[in-house]
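*Asks:* This is the structure, below, for whatever I ask next.
Taken together, the values in this text are just the output of simple stated rules run on the coordinates, not laboratory data. These numbers come from a predicted model, not from an experiment. No Cβ is skipped: glycine too gets one built from the backbone with ideal geometry, and neighbour counts run over all protein chains shown.
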Amino acid sequence: FSVGRTASTGSVFGQRQHGYVQREINDALDKQRYNLPGDIGLIPLMLEDCEVPVKISRSHQYIRLPEGWHEVVVSLELAAQQRSIAIHTGVEMGPFRMFLREEQHLWKGFPGYDVSLSYPHFESSIVPNTALELNEFFASMRLNFLLNARQARINQEEERFAGWTGDPDWISTNSSNVSVSPSLASQSILSFIAHEDGMFAGAAHGYMWFETHNFLIIEDQLVRIGIDDFFSEPYLAYSSLSELVRERVGQEYAERFERELDTDDRIRICDALPRERSIFKSFLITPTGLTLLYQQGELFGYAAGAFSADLSFDELRHLLKIGGPHTYAQKAKVISWDPVTDDGGCN
């Protein structure tokens with residue numbers, strides 16, 4: 001197979017190739033990680049008969065062209081409906097109604113910038129102060145992204161880009177797409193991920209970045225949750241956690257590169273995931289456990305993509321703090337859109 005092009009909303013494949021093709025497949029799948037469950041963010045298209053990449057076939061359905069073009073149109077319409085619901089009607093999310101805010105900010109220069117922002121706005125009669133604090137928190141994130149983009153205004157390099165302006169396929173713009181999405185919500189616990197992908201003007205390839213934010217709601221106030229807050233003896237837990245994370249990342253590594261792990265692979269994984277707190281800094285909370293997340297290039301080469309490790313509360317139960325945050329998570333619901341009804345819901 002080969003991936004001719006990938007984007008946040010699609011992927012195309014045809015005949016066998018390697019290198020940048022694998023990187024682009026990984027990029028497309030990595031972006032899908034940061035969509036809400038049930039959101040349409042990746043539509044694989046088959047241009048001609050070929051062996052479908054395992055990493056796509058095990059998690060996504062593909063559409064065969066040209067006979068499946070109607071399915072593409074229907075999928076795009078459903079994706080648009082999902083976003084319309086979130087923007088205009090809002091989605092019920094635990095004690096909140098969440099509305100999606102979308103913005104685009106453009107400035108022409110050498111380089112200029114093109115920033116697309118998607119972030120939530122919350123309303124609640126049950127925990128009104130918490131809704132206010134969430135809105136203030138995400139508004140500060142929104143402004144921070146914009147301030148970073150605006151640095152282009154004082155870092156102009158017109159002479160550097162002048163020779164490229166005649167190329168119709170090249171634009172002297174730093175482009176970025178930023179989205180903030182909830183993954184878990186209840187009256188007691190919240191989990192969010194902020195994701196950015198983009199391309200700097202003149203760069204050889206794009207970039208991806210994310211950060212996670214987890215909170216408890218106590219007396220209508222936000223309280224940040226760290227990884228240590230889940231465990232009765234955090235420093236003693238790191239050794240057991242590290243072994244589990246290495247096992248899960250190793251499984252994903254073997255599947256991604258379609259081979260059995262050898263001794264060098266295992267050494268590489270151990271070196272990338274030492275037994276220390278730093279490897280647990282980014283995580284999302286689910287009703288059944290914790291998902292550890294690793295940036296693209298953080299563990300292995302950039303082309304290897306991002307990695308994750310799912311740890312269940314059941315296998316961690318001997319390490320968990322009595323009455324810790326996991327007790328609230330187990331009562332929460334995963335966030336998903338329900339485009340069939342007039343509004344969204346939590347399933």
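*Asks:* Across region 157-301, what fraction of all alpha-carbon pairs, as a whole percent, falls in each successive 10 Å bin from zero upward?
*Replies:* Result, from short to long distances: 9, 28, 28, 19, 12, 3, 0 percent.
*Asks:* Pull up the cross-link candidates among the aspartates and glutamates for Lys321, meaning alpha carbon to alpha carbon under 17 Å and not fewer than 8 places away within one chain.
*Replies:* Counting by Cα, and skipping residues close in sequence, Lys321 has these aspartates and glutamates nearby: Asp228, Asp229, Glu233.
*Asks:* Along its principal axes, what span do the Cα atoms of region 228-324 show, with the longest given first and each in whole Å?
*Replies:* Largest to smallest, the principal-axis extents are 41, 23, 21 Å.
*Asks:* Also, quick follow-up: Once you put a point 7 Å from the Cα of Gln221 and another 7 Å from the Cα of Arg259, both along the Cβ direction, what distance in nm separates them?
*Replies:* Label-label distance for Gln221 and Arg259, simple model: 5.5 nm.
*Asks:* Name the trypsin sites (Lys or Arg not before Pro) in region 192-260 that are in a loop by DSSP and that have at most 16 other C-beta atoms within 10 Å, would you?
*Replies:* Numbers: sites: Arg224, Arg246, Arg248, Arg256, Arg259; in loops: Arg259.
Of the trypsin sites (Lys or Arg not before Pro), the ones in loops of region 192-260 whose Cβ has at most 16 other Cβ atoms within 10 Å are Arg259.
*Asks:* As an exercise, identify the GluC sites (Glu not before Pro) in region 245-307 lying in DSSP coil whose Cβ has no more than 11 other Cβ atoms within 10 Å. Numbers along the way, then the final one.
*Replies:* Working: sites: Glu247, Glu252, Glu255, Glu258, Glu260, Glu276, Glu298; in loops: Glu258, Glu260, Glu276, Glu298.
Those satisfying the criteria are Glu258, Glu260, Glu276.
*Asks:* Dipole magnitude of region 62-178 about its Cα centre, charges +1 at Lys/Arg Cβ and -1 at Asp/Glu Cβ only, in debye to the nearest 20?
*Replies:* Result for region 62-178 is approximately 240 debye, rounded to the nearest 20.
*Asks:* Let me ask something else about it. What chymotrypsin sites (Phe, Trp or Tyr not before Pro) in region 135-190 are in a loop by DSSP, with at most 12 other Cβ atoms within 10 Å of the Cβ?
*Replies:* Trp170
*Asks:* Return the percentage of antiparallel bridges among DSSP beta bridges fully within region 112-190, rounded to the nearest 5 %.
*Replies:* On the way: 1 of 8 bridges.
Around 10 percent of the beta bridges assigned by DSSP in region 112-190 are antiparallel ones.
*Asks:* Could you quote the convex hull projected area for region 98-203, Cα atoms only and averaged over all directions, in nm²? List each step's numbers first, then the result.
*Replies:* Values: hull surface 30.4 nm².
If you wrap the Cα atoms of region 98-203 in a convex hull and average its projections, you get 7.6 nm².
*Asks:* Still on this structure: Give the value in nm², to one decimal: projected area of the alpha carbon convex hull of region 56-143, averaged over all directions.
*Replies:* On the way: hull surface 38.0 nm².
Mean orientational projected area (region 56-143, Cα hull): 9.5 nm².
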